[in-house]
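Notes to accompany the following structure.
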Amino acid sequence: MSLIININSLSYLYDYLDLGVYDFIVGTNQFSCRQALTVDYIELKEIKEKYPMIRLFVLVNALVEQKYLDDLKNHLDKLNECQIDGIIFQDFGVLQICNEKGYSFEKIYDPETLNTNHLTLSVLKEQGIDGAFLAREIPLKEKQMIGQNCKLKTMVQVHGVEYMAYSKRKLLSNYKEYTHLDFNVDKEAQIEIKANGVEDHCHIYEDQYGTHITSTNQMCALDVLNQFNDFDYLYIDGQYINETDLLEITHLYIQAIEAIKNQTYNKESIELMQLLYRLTPNVHYYHSFLFDSTVYKISDVRKREENERS
């Protein structure tokens, strides 16, 4: 297993390399869950030439509209010229283009909620997919089963905020227009929302692709990382974490991986968690769905539908 980091900028690469981290996910300077066609090709080329040991994955995860198809093809051509190591995508049109062009970089399929069993993923491998980002909503035991039986490389999130929802509509701008309020809508504004009857808040922001909502609570698997041996990539999301803290958090995970190898993890994990709490005292960490049982039953769905009809 190796750490793969979504970093907000590439200025800290030296420090990550000193830690022995070589896998990175890049997009734009302002990372979004659905980035598609924006990246600095010159910067990618320079990094690959200067640091050949670095593995760069580019997020190409938007559902691409027909009018942008030529832009998408051009984008993938340029990424191939940059000799990137992989893409993370959702739209099967991306896969079709890559297959037609014969690109050799890894193609990691991330449909957000659909990668939930190894049999489906094994079929997708025959269509040219090299890896899968496993759904966050399934418990760790089911993830482990997929990792043990899947013929693809597997990626799972171990740290950071989690994607909640997305809309192509400019929801915050529409709200501003309706209420006549004046406020910034980008990620730097640090806007939070909360649903009625729910305690937890969510981050919300707009960019050129639409409106994005992520959790404010951050997933953390540092104290259970010894249960992640079945996966190829352990993903740390860098959104809403400043670069210095992100580097320190990555270092803690590197120490945890080394402790697992040295069979000292059970003892060292307690100290590592204490260091994490001291580093980020204002962050609320949780295990997300890792230890939740599946409770979504068809009988519940039918009962809900009957209630809605009545």
query: Rounded to a whole number, what % of the accessible area of segment 140-275 do carbon and sulfur atoms account for, probe 1.4 Å?
result: 46
- request: Arrange the peptides 44-57, 248-261, 172-185 so that the one whose residues have, on average, the most other Cβ atoms within 10 Å appears first.
  value: 248-261, 44-57, 172-185
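Divide by every residue of the chain the summed helix terms, -39500 (n - 2.57) for each DSSP H run of at least 4, and state the resulting mean residue ellipticity at 222 nm, rounded to the nearest 500 deg cm²/dmol. Don't skip to the end; give the middle numbers.
On the way: 10 runs with 113 residues, N = 310.
Theoretical 222 nm ellipticity from helices: -11000 deg cm²/dmol.
Please report the antiparallel percentage of the DSSP beta bridges confined to the chain, to the nearest 5.
Working: 15 of 46 bridges.
Given both bridge residues lie in the chain, the antiparallel proportion sits at roughly 35 percent.
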field: Rough spin-label spacing in nm, given labels placed 7 Å along Cα→Cβ, for residue 175 and residue 112
entry: 1.8
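Before anything else, pin down the relative contact order of segment 97-221: Cα pairs under 8 Å, at least 6 apart, normalised by residue count, whole percent. Please report the intermediate quantities before stating the final value.
Details: 190 pairs, mean separation 26.8, N = 125.
Relative contact order, segment 97-221: 21 percent.
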field: Computed Rg/Rh of the chain, alpha carbon atoms with Kirkwood Rh
entry: 0.96
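Rolling a 1.4 angstrom probe over the protein heavy atoms, how many square angstrom per residue are accessible across the chain? Walk me through the intermediate numbers first.
Values: 16320 Å² over 310 residues.
Heavy-atom SASA per residue in the chain reads 53 Å².
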- request: Quickly rank 143-152, 68-77 as a protection proxy: mean count of other C-beta atoms within 10 Å, highest first.
  value: 143-152, 68-77
- prompt: Any idea what the relative contact order of the chain is, in percent, if you count C-alpha pairs under 8 Å spaced at least 6 apart?
  reply: 18
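Could you order peptides 279-285, 194-200, 83-89 by the average number of other Cβ atoms within 10 Å of their residues, highest first?
Working: 279-285: 12.6, 194-200: 7.9, 83-89: 22.3.
Final packing ranking: 83-89, 279-285, 194-200.
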task: Excluding residues on the same chain fewer than 8 positions from residue 194, give the lysines whose Cα lies under 28 Å from its Cα.
output: 168, 170, 176, 297, 303
Partners for residue 107 among lysines (Cα-Cα distance below 17 Å; same-chain residues under 8 apart left out): 73, 78, 125, 151, 153
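The values are calculated or read from the model by the stated rules, or taken from the named source; none is laboratory data. Remember, predicted model here, so these are calculated numbers, not experimental data. Here the Cβ is made from the backbone with ideal geometry for all residues, glycine too, and neighbour counts use every protein chain on show. For the accessible areas, the whole protein counts, side chains as well, though only heavy atoms, and no ligand, DNA or RNA atoms are used. Shrake-Rupley method; radii C 1.70, N 1.55, O 1.52, S 1.80 Å.
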